[in-house]
Amino acid sequence: MAENTKSLTTDISFEKRPQFGNRTLSEDTNVFQHNAWDNVSWDEDQEREAREKVAENSTVLASPEQIAKYENEADIYWDKFYGIHQNRFFKDRHWLFTEFPELALRQVQEDVLQAIRVFPTPKNSGNDENSSRPSEPSTVGTRIFEVGCGVGNTIFPILLYNTDPSLFVYCCDFSSTAIDILKENPAYDTSRCKAFVLDATQEDWSPPFDPQSLDIVILIYVLSAIHPDKMEHVLKQIYKYLKPGGVVLLRDYGRYDLAQLRFKKGRCLSENFYARGDGTRVYFFTQDEVRHMFVSQGFIEEQNILDRRLQVNRGKLLKMYRVWLQVKYRKPF
């Protein structure tokens with residue numbers, strides 16, 4: 001994603017760039033005119049070729065011993081990843097406030113009030129520890145929690161642009177190496193942020209905050225790194241710690257993304273779940289899969305977008321098709 005380097009204050013008085021989805025490729029457009037095109041439709045032949053590539057690279061699975069090793073030593077692989085790349089691999093995500101305006105603090109309260117008016121409390125949601133419906137959202141400071149924060153590429157833009165002194169950001173990662181690197185960053189301010197190590201797949205969490213205390217939970221290319229059998233448990237834990245009316249913001253890999261099509265035979269661990277060369281893992285979602293997981297845990301869908309993008313290398317005249325999912329799910333009152 002492109003970065004927005006303009007400052008953001010709590011009055012949201014800056015000029016935002018438009019959301020992605022405004023650069024459209026038409027039949028008579030020179031595809032190499034720009035580096036990227038939005039909402040690119042796939043024809044039947046492209047869909048078929050993508051399915052065939054995935055079927056081909058899934059014919060040879062990793063051995064049971066390899067699959068167990070990737071699961072049991074997942075923290076080691078991520079520690080190695082961050083040990084090698086430090087804070088140089090990912091760019092800070094300055095695009096967050098454009099794609100997820102909920103991160104603009106003034107809008108948090110407005111969105112929660114709107115949710116009270118629009119969304120009823122579903123019966124038998126499976127997570128009904130909250131039987132009361134508040135008349136208005138809490139006015140204590142906004143609490144944001146990022147699961148799988150890495151070295152801080154999401155939280156540091158939030159801390160930079162949101163100057164509201166009542167904001168507090170929590171963040172965790174599976175990798176202790178990542179958390180150590182994050183804490184060494186000069187932008188890490190312990191009066192506004194707390195980073196800690198957490199395996200989000202473990203049965204019970206022991207975070208430094210109480211149940212029903214979070215306004216926003218962020219998952220950026222994180223759920224896909226978790227074994228598919230454990231994803232719903234992670235969402236169940238998130239539901240537990242969100243306030244009524246709190247929202248989950250997720251962006252992750254979609255089915256038939258270029259990264260999935262490029263895997264070689266033997267890297268597949270299970271259906272649509274792969275191990276990269278460095279031992280880290282990745283799953284590729286459909287919209288329906290994501291919807292089922294969230295709704296089954298009691299969340300209400302606000303957004304579930306399939307983001308198909310065509311990126312080009314104008315020097316080499318190469319076309320690269322990317323597929324991402326961007327979703328928002330709210331905990332009901």
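No lab work stands behind these numbers, since they all come straight from the coordinates. Predicted model, so just to flag it, every value in this text is computed and none were measured. Reconstructed Cβ throughout: ideal geometry from the backbone, glycine too, with neighbour counts over all protein chains shown.
Averaging the inverse of every distinct alpha carbon separation and then flipping it gives the Kirkwood radius. What is it for the stretch 187-333, in angstrom units? Computed over the stretch 187-333, the radius equals 16.9 Å. Take every Cα pair under 8 Å whose residues are at least 6 apart in sequence, average their separation, divide by the length of the stretch 275-333, and the relative contact order is 33 percent.
Phi angles across the stretch 72-80 convert, under the Karplus curve 6.51 cos²θ - 1.76 cosθ + 1.60 with θ = phi - 60°, into 3J(HN,Hα) values of 6, 10, 4, 5, 5, 5, 6, 4, 5 Hz, Gly and Pro given as x. For the residue pairs Lys80/Lys230; Lys53/Lys265; Lys69/Lys230; Lys53/Lys264; Lys183/Lys230; Lys183/Lys328, the C-alpha atoms sit more than 18 angstrom apart in Lys80/Lys230; Lys183/Lys230; Lys183/Lys328. Both radii come from the Cα set of the stretch 174-223: Rg as radius of gyration, Rh as Kirkwood radius; their ratio Rg/Rh reads 0.96.
Applying a DSSP loop filter and a limit of 13 other Cβ atoms within 10 Å to the trypsin sites (Lys or Arg not before Pro) in the stretch 243-333 leaves Arg262, Lys264, Lys265, Arg314, Lys316.
Electrostatic tally near Ser58: other residues with Cβ closer than 9 Å to its Cβ, Lys and Arg +1, Asp and Glu -1, net -1. Counting Lys and Arg as +1 and Asp and Glu as -1, what is the net charge of the other residues whose Cβ lies under 14 Å from the Cβ of Glu47? Result for the neighbourhood of Glu47: -1.
Projecting the Cα positions of Ile220, Gly298, Ser206 onto the charge dipole of the stretch 202-306 (unit charges on Cβ atoms of Lys, Arg, Asp and Glu, taken about the Cα centre) puts Ile220 furthest along the positive direction.
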